[in-house]
Every structure is written in C-alpha cells, then in structure tokens.
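The values are calculated or read from the model by the stated rules, or taken from the named source; none is laboratory data. Nothing here was measured: the structure is a model prediction, and the numbers come from that model. Here the Cβ is made from the backbone with ideal geometry for all residues, glycine too, and neighbour counts use every protein chain on show.
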C-alpha cells in the first residue's frame, strides 16, 4: 500500500467515515429498514439547517476565529424580517431573503469591526454581539411566536424535489430548501480550495503575522469571513422559519455548541488553519445520525447528549494528537 493511500485512510475525514459506517451497521442490524431512501430523506432534512450554520462556522474557525453569535443573528434577522413583511403586507420570498441577508451582513460587519479593528478576542466579541442581538429581539421585537407567515413564503415549505413512499404507504419528501445548503457547501468548497481568498483564510488561521508578510490583507479577509458568517446566519434563520412554518425569537438559541461540535469532529482544528468542507459535512452527518437514530439501538433520548459529548471528546482528541504528530514530524 502506497504512502499516499495510507495517508488518505488515516485522515480525520476517513476516521469519521469509519465511525459513521460502524454506527450505521449497528443501527441497520437492529432495524434493517434504516438502509433505505426514507432514511436518506429524513437525515437530509435533519441536517439542512446545521449544514448552513456549520459551513459559515467552519470558515470562521479556519481563519483562526470563532463565532457564537450566529444563532442570535439568525433569530433577529428572521424575526424582524417576518414582522416587517407582515406590517407592510409584503409577500415576497425574494424580499424576505434580501432583508435577512442585509441584517446578517450588518451583524457580521459588527463582529469583524470588533475583532479586526478593536482587536477583541473573537469569543468575547461574538458573545457580546450575541447578547446584544438576542436582547434586542426580545426587548424591541417581542417574545411571541408568529404563525401567520406570509402566504408565498410559507408555500416554499410545500415545494419538494424528491418524494418517496415506502411499502407501508408512508410518504417521505425532501424539501426544495435543501438546495440552499447544497449551494453554500459547493461555493465554500470552491473558494477554500481554488481561490486566493481561500488561501488567505487558511494563512491567517495558521499565522496572522506570516500571512501579513506574505501579502494578505488580514483585516479585509476577517471582514469577509465574519460578514459571510452573518449572511449565512440570516439565510439559515429564514430557512428554518419556512421549514417550521412559524417564527420564534428564541428558536435557534443554544444551537452553537452542536454546530461547533460537528465542525470540530469533522477535522477542523479549533486553533485555525486547517479544515475541509468534506470533513464538516461528515461531522454534521455523524451528529445527525446520533441525534436521530440512537433510539433504534435502544438508547434512551436523554443519553444522546452523553454520546454526542463522547464523540466530540474523541474526535477533538484525535485531531489534536494528529496535529502534534505532524508538528513533531516537521521538526525532525
């Protein structure tokens, strides 16, 4: 076996694949129906919103930062947009997505300013922005759930790209909204792998000073990264609202840890400078399988948090050990 093949089989992505295969095999043995089109559709829907948030979070972490404000930004963007549309009787999905995009970009720019200009630590800056966004939503916009979503926007939840009926007569449908994270994933993959901006994101995540010496505009790249995160957060918030067919000012709060966990389990180093889109998708898939299918193994729902935590610890430990091994090999 060549060194290249051995290297591929020992990557973080490969390890996550092994875990997914082992887990799916166990679930399939207990419930053979797991291996079917219905499971693919169910998991795709379960992963949809997490994929949007994980994509933006991965880019931020690769750049050497972290963003814990995206759930609050998503909530204020979608909740304020829905209230605005209802107040002025506007029923346009295009305008809705434009509104959440602008709001997300503004909050992303605020994060970037605090981090790139004022030099606040990313965790402190985004935590502060999260509190501001969440507080503003509850204080100025209200605390009630909105169920009367504008008709044309609500209608998007009933548009499907795939429909499957199993032998028992149960129909599973894959929403057209799945195209949103798919486009984001492809765009992020291309930018990170094939563009100078992508190289700059990896460079400043590895060493900001070295990236600056190499000619990268660190401040500009940080603004692009955090504004992209805000943009994706706003889009993710509205997409979640469409799928749930109601807007809640608190619906996404607390989701940041699970998203970060999926990104890190997928092989993105929390210290920055390393990570892949494929690994992130695999990390999200692993978390989705654990959250949605452990009950098939007879594991009670309240044990899921424990299992997810265990996966996070093991996944991050493997990533850390591999990073140390590579660093030691370089010294030799």
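This table checks each residue for (1) under 19 Å from residue 180 (Cβ atoms); (2) modelled with pLDDT under 95; (3) under 13 Å from the mean Cα position of the chain (by Cα); (4) not in a helix (DSSP H, G or I).
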{"residue": "221", "(1), (2), (3), (4)": "no, no, no, no"}
{"residue": "226", "(1), (2), (3), (4)": "no, no, no, no"}
{"residue": "234", "(1), (2), (3), (4)": "yes, no, yes, no"}
{"residue": "237", "(1), (2), (3), (4)": "yes, no, yes, no"}
{"residue": "251", "(1), (2), (3), (4)": "yes, yes, no, yes"}
{"residue": "269", "(1), (2), (3), (4)": "no, yes, no, yes"}
{"residue": "275", "(1), (2), (3), (4)": "no, yes, no, yes"}
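Do we have residue 100 as within 19 Å of residue 157 (Cα to Cα), free of Cβ contacts under 8 Å to residues at least 24 places away in the same chain and in a helix (DSSP H, G or I) here? Taking the combined requirement at face value, the residue does not satisfy it. Being modelled with pLDDT under 95 and touching a helix residue (DSSP H, G or I) at 6+ places or on another chain (Cβ under 9 Å) is not true of residue 104. Residues that are out of contact with any helix residue (DSSP H, G or I) (no Cβ under 9 Å at 6 or more places or on another chain) and part of a loop (DSSP other than H, G, I, E, B) were ranked within region 110-163; the one that is farthest from residue 254 (Cα to Cα) is 119. Only one entry of 162, 174, 156, 179 meets the criterion of being closer than 25 Å to residue 239 by Cβ and exposed (fewer than 13 other Cβ atoms within 10 Å of the Cβ), and that entry is 179. Tell me, yes or no, whether region 282-292 has at least one residue that is surrounded by fewer than 20 Cβ atoms within 10 Å (Cβ to Cβ), touching a residue at least 24 places away in the same chain (Cβ under 8 Å) and under 30 Å from residue 144 (Cβ atoms). Yes - at least one qualifying residue is present in region 282-292.
Out of 84, 107, 53, one residue alone is within 24 Å of residue 250 (Cβ to Cβ), assigned to a helix (DSSP H, G or I) and without any contact (Cβ under 8 Å) to a residue 40 or more places away in the chain. It is 84.
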